[in-house]
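To start, the structure under review is shown below, and the notes come after it.
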Amino acid sequence: MSNPESQNVPKTDEEWREKLSEEEYRILRQSGTEARFSGEHVDRDDAGVYKCKGCGSVLFESDTKFDSSCGWPSFYAAEEANVTKHVDTSHGMRRTEVRCATCDGHLGHVFDDGPKPTGKRFCINSVALDFEADE
């Protein structure tokens, strides 16, 4: 369920810097994190889909979003074909990083403390996401 525009993913660092704002670049390309409760999607509850800011691939459906009170948008399931998971040992922790499978943009992390049915909590930076409301 990826976006056809994902074929136009920037190939060079210069192209990424032209496409993204400074904060988007810091998060998506340098694995940064936005401040807790600062993102535009933390409290969003509209119906629709969340897409990768870097390439437009659909990552999450709004009906999988839940309030985890962690300060970042949280989802209990992802479009599995559109995300990859990697071990992240930065900051003295062992976590599972979530990246976009199409453009390799850093999205956030996934934890095993989410609700049923999956028990997962995809903790995602708002800056890494675009929201497209249902019509």
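The values are calculated or read from the model by the stated rules, or taken from the named source; none is laboratory data. Small disclaimer: the values here were computed from a predicted structure and weren't measured. For neighbour counting, all protein chains shown are included, and Cβ atoms are generated from backbone atoms with ideal geometry for every residue, glycine included.
Report whether or not Glu14 is over 25 Å from Asp134 (Cα atoms), touching a Pro at 6+ places or on another chain (Cβ under 9 Å) and among the acidic types (Asp, Glu).
no
Only one residue in Thr89, Thr118 is at pLDDT 95 or above and polar (S, T, N, Q), so which one is that?
After applying the criteria, what remains is Thr118.
Based on this model, can you work out whether Glu97 counts as under 14 Å from Ile27 (Cβ atoms), part of a strand (DSSP E or B) and in contact (Cβ under 8 Å) with a residue 40 or more places away in the chain?
yes
Take the conditions surrounded by fewer than 21 Cβ atoms within 10 Å (Cβ to Cβ), within 18 Å of Glu132 (Cβ to Cβ) and out of contact with any helix residue (DSSP H, G or I) (no Cβ under 7 Å at 6 or more places or on another chain) and apply them to Thr89. Does it pass?
Here the answer is no, as Thr89 does not meet what is asked.
Yes/no per residue for (1) among the hydrophobic types (A, V, I, L, M, F, W, C); (2) out of contact with any strand residue (DSSP E or B) (no Cβ under 8 Å at 6 or more places or on another chain); (3) closer than 13 Å to Ile124 by Cα:
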residue: Arg26; (1), (2), (3): no, yes, no
residue: Ser31; (1), (2), (3): no, no, yes
residue: Val49; (1), (2), (3): yes, no, no
residue: Cys52; (1), (2), (3): yes, no, yes
residue: Cys55; (1), (2), (3): yes, no, no
residue: Val58; (1), (2), (3): yes, no, no
residue: Asp63; (1), (2), (3): no, yes, no
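For the stretch 110-123, does any single residue satisfy the condition of being surrounded by 14 or more Cβ atoms within 10 Å (Cβ to Cβ), assigned to a strand (DSSP E or B), touching a residue at least 40 places away in the same chain (Cβ under 8 Å) and touching a Gly at 6+ places or on another chain (Cβ under 6 Å)?
yes
Does the stretch 39-55 include one or more residues that are assigned to a helix (DSSP H, G or I) and either out of contact with any Lys or Arg (no Cβ under 6 Å at 6 or more places or on another chain) or among the aromatic types (Phe, Trp, Tyr) (or both)?
Checked the stretch 39-55: no residue is assigned to a helix (DSSP H, G or I) and either out of contact with any Lys or Arg (no Cβ under 6 Å at 6 or more places or on another chain) or among the aromatic types (Phe, Trp, Tyr) (or both).
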